[in-house]
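Novice: Pasting a structure below so you can have a look.
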Amino acid sequence: MITLPDVKEILETKKVDEMDQIQRWTYDYVNKFSKIESKDAQKLVSELVSQCGLTEEESVEVVNILPISLEEIRAFTFGWKKLILTSTSENILQKIKSVHET
């Protein structure tokens, strides 16, 4: 599992003119949609796993999307087919907000 910020960090080690077409498309995508730094993404994934009871895969999905409201978290996690308590959703949202504040 790898977050968008991690992909961006990896692709930034290569010159754009040396990338193949798929790498350039991917690089453009992660530049548009990666919202935090790689180290912050890794820390957030770790916190979501250890403190919110999410799997690593679920945590990476949350970090890639970075929902900004409880409604977005509910809509996003609905597809996981497991119950996410309101308190857990609020904790997830608080952790996301703390990353944006730093």
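Novice: How many residues are under 9 Å from the mean Cα position of the chain (by Cα), within 25 Å of VAL16 (Cβ to Cβ) and hydrophobic (A, V, I, L, M, F, W, C) when one looks only at segment 26-65?
Specialist: 3
Novice: Could you check, for segment 49-56, whether at least one of its residues is surrounded by fewer than 18 Cβ atoms within 10 Å (Cβ to Cβ), polar (S, T, N, Q), assigned to a helix (DSSP H, G or I) and not assigned by TED's automatic domain parsing to the domain that holds LYS95?
Specialist: No, that holds for no residue.
Novice: Which members of segment 1-29 meet the condition of being among the aliphatic types (A, V, I, L, M) and part of a helix (DSSP H, G or I)? First the steps, then the outcome.
Specialist: First pass over segment 1-29, keeping only residues among the aliphatic types (A, V, I, L, M): 1-2, 4, 7, 10-11, 16, 19, 22.
If the condition is that a residue be among the aliphatic types (A, V, I, L, M) and part of a helix (DSSP H, G or I), then LEU4, VAL7, ILE10, LEU11, VAL16, ILE22 are the ones that fit.
Novice: Of the conditions (1) without any contact (Cβ under 8 Å) to a residue 12 or more places away in the chain; (2) of a type in the set (Lys, Arg); (3) touching a helix residue (DSSP H, G or I) at 6+ places or on another chain (Cβ under 7 Å), ARG74 clears all except one; give me its number.
Specialist: Among (1) without any contact (Cβ under 8 Å) to a residue 12 or more places away in the chain; (2) of a type in the set (Lys, Arg); (3) touching a helix residue (DSSP H, G or I) at 6+ places or on another chain (Cβ under 7 Å), ARG74 violates only (1).
Novice: Same structure, new question: Give me a count of the residues in segment 70-98 that are modelled with pLDDT under 90 and either surrounded by 13 or more Cβ atoms within 10 Å (Cβ to Cβ) or closer than 13 Å to LEU54 by Cα (or both).
Specialist: Matching residues across segment 70-98 total 6.
Novice: In this structure, is THR3 touching a residue at least 60 places away in the same chain (Cβ under 8 Å), within 14 Å of the chain's Cα centre (by Cα) and surrounded by 12 or more Cβ atoms within 10 Å (Cβ to Cβ)?
Specialist: The answer is yes for THR3.
The values are calculated or read from the model by the stated rules, or taken from the named source; none is laboratory data. None of the values given here were measured: they were computed from a predicted structure. Heads up, the Cβs are rebuilt from the backbone with ideal geometry, glycines too, and the neighbour counts pull from every protein chain shown.
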